[in-house]
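A.B. asks: Submitted below is the structure of interest, expressed as structure tokens.
The values are calculated or read from the model by the stated rules, or taken from the named source; none is laboratory data. Note that this is a predicted model, so its numbers are computed, not measured. Cβ atoms come from the backbone with ideal geometry, glycine included; neighbour counts cover every protein chain shown.
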Amino acid sequence: MSDLDAYATEIRRIAVSLINDAGSGHPGSCLSAADLLAVLYFRELRDGRDRFVLSKGHACPALYAALYLRGCFDRATLGSFRRLGGTLQGSPTTTIHGIDATCGSLGQGFSIALGLALGFRQRKHDGRVFVMLGDGELQEGQVWEAAMAAGHHRLGNLCAIVDYNKMQSDDLNERTMRVEPLDAKWGAFNWHVRPIDGHDFDAIAAAFADARSRPNQPTVIIAHTIKGKGVRYMEGVPSWHGSVKLKPEEIARALADLGVAADRTREYAFRG
Amino acid sequence: MRSPILASLPIARASTRFVAEADFVPSLIGTSGETLREAFGKALTAVAHRYPSLVVLDADVAGGTGTHHFRRAHPDRFVQFGIAEQNMVGAAAGLALAGCLPVASTFAVFALRTIEQVRQSIAYPRLNVKLAASHPGLDAGPDGASAQALEDLAAFRAIPGMTVVSPADPVEMAKAVPAILDFNGPVYLRTGRSAAARVLDDSYVFELGRGRVIRDGLDVTIVACGVEVARALEAAALLARDGISARVVNMSTIKPIDRDLLAACARETGAFVTAEDHNIVGGLGGAVAESLATTNPSPIEFVGVRDVFGESGEPDELADKYGLTGRSIADAARRAIARKEAR
């Protein structure tokens with residue numbers, strides 16, 4: 001198992017466990033994004049220089065897992081997720097170490113990332129800005145306002161990642177509001193478009209390198225992913241997008257799929 | 001207490017000249033010749049050198065909001081977003097996170113469509129972003145109801161941590177702009193479309209969060225903001241002819257409201273009129289009533305647009321039709337005094 005594989009698996013274990021602890025949260029969206037987050041946090045992001053905005057804020061358990069694994073806060077903090085007075089709020093907030101932007105209302109994180117990229121350019125700071133969007137999120141008009149502005153301003157320091165798991169809250173994108181053709185849409189907004197398998201670490205890393213090599217054009221990585229990836233009963237089932245409460249046998253099966261031995265599942269009960 | 005600043009205004013001359021004419025209503029409107037939006041744009045440009053991180057954001061209305069002055073002087077610090085206000089306001093949050101001091105400007109009615117972006121992306125993380133909105137209220141005039149934001153003070157006031165400011169005239173605007181830039185936190189600044197009356201002199205001191213008595217009186221307090229301050233002074237002059245002594249407060253900071261000043265006015269005058277070019281629901285009147293209800297319950301009459309949409313017309317015509325004139329304020333003052341005396 002590569003270190004990225006190990007990190008991605010650990011992100012998945014922690015994310016589903018956080019949701020189980022809290023009794024609510026969005027597991028499917030966390031699991032589809034885990035491999036992308038692993039490459040971002042353990043290869044791509046440069047501390048103190050680059051920024052990442054999770055515009056699909058409902059996947060924050062996966063982000064919190066990545067931040068924890070990068071040492072932004074201790075294990076006890078994981079017990080505060082969705083808890084009264086807790087540090088780890090139900091949506092990303094700036095009060096959490098490692099998080100710059102409040103997200104959770106779809107479309108808004110993308111504009112914040114755009115502003116960061118403009119600000120970096122304004123202040124002659126060489127940082128790069130990454131932003132992850134959901135595919136359902138692309139139905140928000142604000143996304144296309146921001147996409148148009150990034151293309152217009154030739155923001156080569158901005159890289160968007162679409163976690164394209166084909167599903168949203170109620171159903172498939174295709175049945176809710178078709179987002180295709182995605183590559184053509186982004187291209188028409190003057191972005192460099194890079195479609196990849198969002199669970200292939202090498203492809204993800206190569207796409208980031210490609211984005212870095214284009215100083216005068218923003219890049220969007222269309223990451224084809226599987227909703228619920230890594231937990232077999234969730235894979236490809238829209239109802240696991242949801243804010244869901246896991247049953248005891250469901251969290252047990254999820255952790256088993258993610259390689260946690262039955263006698264070690266207690267290590268993933270963060271509320272103690 | 002400062003003396004009322006009326007000396008240079010036509011009202012003083014006019015009221016002596018025409019005192020015998022019972023129907024005469026002195027008008028302050030249009031006497032400065034300058035608009036609040038132009039005053040805003042000029043003030044921003046004048047102080048830009050003191051704020052190296054200042055950037056101005058526009059959504060294709062720089063000619064209307066006054067930020068064209070800034071664009072001409074500092075093109076490298078001016079960012080165009082096109083007709084996309086929600087993105088502009090969200091990007092303002094990002095610019096603040098990158099260490100810039102962003103001032104985003106649009107028309108007030110379009111600022112309303114960014115209310116959730118302001119709430120979520122700016123106010124929740126308490127970012128240092130300023131939103132400056134022109135063309136508020138019936139003062140927006142002939143473009144009609146769709147262009148006349150009558151809800152902005154209420155909407156932005158309801159967001160936790162927002163400071164809401166509506167200066168009375170170009171003199172105050174020039175002083176409010178640097179004060180707002182010096183303040184660390186999100187601010188909604190309401191400017192104005194039409195030529196504004198000049199009601200304050202150059203010695204006026206603007207303090208964020210403080211109202212000021214600009215004409216003293218003992219029978220009733222008229223609390224006003226924006227273009228209604230001039231009309232409140234007009235009302236006070238009308239009332240004076242009937243022997244009624246009306247105090248006028250320029251309450252340019254609507255949030256946080258100056259509770260101490262309101263309490264003092266309650267003790268000293270015992271009756272209130274609020275006056276705003278805004279819906280009577282939730283704006284200045286709401287803020288004043290909320291404050292007084294918990295400190296010094298007093299009769300209050302509300303002058304503003306009475307929960308209806310406006311229509312096309314010139315600002316003065318609209319003010320007359322929708323009851324925002326000095327005469328309307330004076331009538332409201334008489335009602336407030338009658339309620340005080342009936343207690």
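A.B. asks: For the range A:167-196, give me each residue that is of a type in the set (A, V, I, L, M) and touching a residue at least 60 places away in the same chain (Cβ under 8 Å).
C.D. replies: Answer for the range A:167-196, where residues must be of a type in the set (A, V, I, L, M) and touching a residue at least 60 places away in the same chain (Cβ under 8 Å): A:Met167, A:Leu172.
A.B. asks: Please pick out the residue among A:Ala146, A:Ala117, A:Ala150 that is more than 9 Å from every other protein chain (Cβ to nearest Cβ), part of a helix (DSSP H, G or I) and crowded, with 24+ Cβ neighbours inside 10 Å.
C.D. replies: A:Ala150
A.B. asks: Would you kindly identify the strands (runs of 3 or more DSSP E) lying entirely within the range B:99-195 that contain at least 2 residues that are without any contact (Cβ under 8 Å) to a residue 40 or more places away in the chain, under 21 Å from B:Val47 (Cα atoms) and touching a Lys or Arg at 6+ places or on another chain (Cβ under 8 Å)?
C.D. replies: It comes to none.
A.B. asks: If you don't mind, another one. Restricting attention to the range A:178-212, which residues are surrounded by fewer than 17 Cβ atoms within 10 Å (Cβ to Cβ) and in contact with a Gly (Cβ under 8 Å, 6 or more places away or on another chain)?
C.D. replies: Of everything in the range A:178-212, just one residue is surrounded by fewer than 17 Cβ atoms within 10 Å (Cβ to Cβ) and in contact with a Gly (Cβ under 8 Å, 6 or more places away or on another chain), namely A:Asn190.
A.B. asks: Moving on. Just to check your reading of the model, which residue among B:Ala62, B:Ala92 is within 14 Å of chain A (Cβ to nearest Cβ) and either of a type in the set (Gly, Ala, Ser) or touching a residue at least 24 places away in the same chain (Cβ under 8 Å) (or both)?
C.D. replies: Just one listed residue meets the conditions, B:Ala92.
A.B. asks: Let me ask something else. Looking at the range A:9-57 only, could you name the residues that are more than 9 Å from the chain's Cα centre (by Cα), assigned to a helix (DSSP H, G or I) and without any contact (Cβ under 8 Å) to a residue 60 or more places away in the chain?
C.D. replies: A:Glu10, A:Ile11, A:Ala15, A:Tyr41, A:Phe42
A.B. asks: Within the range A:61-75, can you find the residues that are free of Cβ contacts under 8 Å to residues at least 40 places away in the same chain and either surrounded by fewer than 21 Cβ atoms within 10 Å (Cβ to Cβ) or small (Gly, Ala, Ser) (or both)?
C.D. replies: Across the range A:61-75, the qualifying residues are A:Arg70, A:Gly71, A:Cys72, A:Phe73, A:Asp74.
A.B. asks: For the range A:155-269, list the helices (runs of 4 or more DSSP H) that sit wholly inside it and hold at least 3 residues that are farther than 14 Å from A:Gly136 by Cα and not β-branched (Val, Ile, Thr); which are they?
C.D. replies: A:182-188, A:201-212, A:248-257
A.B. asks: Within the range B:95-119, can you find the residues that are farther than 17 Å from B:Ala140 by Cβ and more than 7 Å from every other protein chain (Cβ to nearest Cβ)?
C.D. replies: If the condition is that a residue be farther than 17 Å from B:Ala140 by Cβ and more than 7 Å from every other protein chain (Cβ to nearest Cβ), then B:Ala96, B:Leu101, B:Pro102, B:Val103, B:Ala104, B:Thr114, B:Ile115, B:Val118, B:Arg119 are the ones that fit.
Here is a yes/no grid of residues against (1) over 21 Å from A:Phe81 (Cβ atoms); (2) under 21 Å from the mean Cα position of the chain (by Cα); (3) free of Cβ contacts under 8 Å to residues at least 60 places away in the same chain:
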position	(1), (2), (3)
A:Gln217	yes, no, no
A:Ile222	yes, yes, no
A:Met234	no, yes, no
A:Leu255	no, yes, no
A:Gly259	yes, no, no
A:Asp263	yes, no, yes
A:Gly272	no, no, no
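A.B. asks: As an exercise: evaluate A:Tyr41 against (1) farther than 25 Å from A:Ala117 by Cα; (2) surrounded by fewer than 24 Cβ atoms within 10 Å (Cβ to Cβ); (3) of a type in the set (Ser, Thr, Tyr) and give the number of the one condition it does not meet.
C.D. replies: Among (1) farther than 25 Å from A:Ala117 by Cα; (2) surrounded by fewer than 24 Cβ atoms within 10 Å (Cβ to Cβ); (3) of a type in the set (Ser, Thr, Tyr), the lone unmet condition for A:Tyr41 is (1).
A.B. asks: Does the range A:26-48 contain at least one residue that is within 14 Å of another protein chain (Cβ to nearest Cβ) and at pLDDT below 95? So that I can check it myself, show each step before the final result.
C.D. replies: If we filter the range A:26-48 for residues that are within 14 Å of another protein chain (Cβ to nearest Cβ), which is where we start, we get A:48.
Pick out the ones that are also at pLDDT below 95 and you get A:48.
Yes, the range A:26-48 has at least one match.
A.B. asks: Restricting attention to the range A:124-146, does a residue exist that is basic (Lys, Arg) and within 19 Å of the chain's Cα centre (by Cα)?
C.D. replies: Yes, that holds for at least one residue.
A.B. asks: Does the range B:73-81 contain any residue that is without any contact (Cβ under 8 Å) to a residue 60 or more places away in the chain and assigned to a loop (DSSP other than H, G, I, E, B)?
C.D. replies: Filtering the range B:73-81 for residues without any contact (Cβ under 8 Å) to a residue 60 or more places away in the chain gives B:73-81.
Restricting the remaining residues to those that are assigned to a loop (DSSP other than H, G, I, E, B) gives B:74, B:81.
Taking every residue of the range B:73-81 in turn, at least one turns out to be without any contact (Cβ under 8 Å) to a residue 60 or more places away in the chain and assigned to a loop (DSSP other than H, G, I, E, B).
A.B. asks: Which residues, counting only those in the range B:281-291, are buried (at least 23 other Cβ atoms within 10 Å of the Cβ) and without any contact (Cβ under 8 Å) to a residue 60 or more places away in the chain?
C.D. replies: Hit for the range B:281-291 is B:Gly285, nothing else.
A.B. asks: Based on this model, can you work out whether B:Ala14 counts as modelled with pLDDT of 95 or more, crowded, with 16+ Cβ neighbours inside 10 Å and assigned to a helix (DSSP H, G or I)?
C.D. replies: No, not satisfied.
A.B. asks: Where residues in the range A:44-73 are touching a helix residue (DSSP H, G or I) at 6+ places or on another chain (Cβ under 8 Å) and among the acidic types (Asp, Glu), which of them is nearest to A:Asp100 (Cα to Cα)?
C.D. replies: So the residue we want is A:Asp50.
A.B. asks: Can you tell me which condition A:Ser80 does not meet? The list is (1) in contact with a Pro (Cβ under 9 Å, 6 or more places away or on another chain); (2) more than 13 Å from chain B (Cβ to nearest Cβ); (3) surrounded by fewer than 24 Cβ atoms within 10 Å (Cβ to Cβ), and all the others hold.
C.D. replies: (1)
A.B. asks: Still on this structure, please answer the following. For residues that are outside any loop (DSSP other than H, G, I, E, B) and either in contact (Cβ under 8 Å) with a residue 40 or more places away in the chain or crowded, with 24+ Cβ neighbours inside 10 Å (or both), scanning just the range A:120-132, find the one that is farthest from the other protein chains (Cβ to nearest Cβ).
C.D. replies: Keep residues of the range A:120-132 that are outside any loop (DSSP other than H, G, I, E, B), which gives A:120-122, A:129-132.
Still in the running and either in contact (Cβ under 8 Å) with a residue 40 or more places away in the chain or crowded, with 24+ Cβ neighbours inside 10 Å (or both): A:120, A:129-132.
On the way: A:Phe120: 5, A:Val129: 8, A:Phe130: 13, A:Val131: 10, A:Met132: 15 Å.
Here the answer is A:Met132.
A.B. asks: Just give me the residues in the range A:83-108 being in contact (Cβ under 8 Å) with a residue 40 or more places away in the chain, over 18 Å from B:Val129 (Cβ atoms) and either more than 11 Å from chain B (Cβ to nearest Cβ) or outside any loop (DSSP other than H, G, I, E, B) (or both), in sequence order.
C.D. replies: Residues satisfying the conditions are A:Arg83, A:Leu88, A:Gly90.
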